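To start, the structure itself, in structure tokens.
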Amino acid sequence: MIKVIVDTNIVFSAILNSSGRIGKVLLNSRGVFHFVSCNYMLTEIEKHKIKLQTLTGLEPADLNEIIRSITCRIHFVSEEFISKANILAAEPLVKDVDLNDLLFVALTLELKGRLWTGDKKLIQGIVAKGFENIITTSELSEILDDIGRKI
């Protein structure tokens, strides 16, 4: 199973359009991908809940149900789980791109997984510094499609 570290913009995209490609990957890949994120994401979702409600036009209970259906597919870990060494290794990768992504990159290093982000600026910035543990929505979707064809 592929360990995939999910960042906040991926989950926001899935919340905004759960029937889109990102939503389908998150909701339909049990047993194929092991999605992981840090608790910080849950704080971010809560912080932006009113904006998400405005953008989706959903009633609070319906929005909460979509959030629950998406986040229940992700294993959340405490930031304390991430070693200081990996936080220090991630810092120079993100410091001039977006420090808000520090924990996601550090968790990717910690778990030796692949980072799933839709943030093109982040991808370009960390790839330019030699970070290659990234997986795209297209790649994830293609893996699911290939498995579907084999069944």
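Just so it is clear, none of the values below were taken in a lab; they were calculated from the coordinates. Since the structure is predicted, the reported quantities are computational estimates derived from the model, not experimental observations. As a convention, Cβ positions derive from the backbone with ideal geometry for all residues, glycine included, and neighbour counts pool all protein chains shown.
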Item checked: Subset of segment 52-82 (residues that are farther than 15 Å from Asn17 by Cα, more than 18 Å from the chain's Cα centre (by Cα) and of a type outside the set (D, E, K, R)) -> Pro60, Ala61
Next item on the list: Being touching a residue at least 40 places away in the same chain (Cβ under 8 Å) and assigned to a helix (DSSP H, G or I) is the filter; apply it to segment 42-77 and report the residue that is surrounded by the most Cβ atoms within 10 Å (Cβ to Cβ).
Entry: Ile70
Notebook entry, point to check: Residues of segment 1-35 being surrounded by fewer than 21 Cβ atoms within 10 Å (Cβ to Cβ) and among the β-branched types (Val, Ile, Thr), which ones?
Noted result: Ile2, Val32
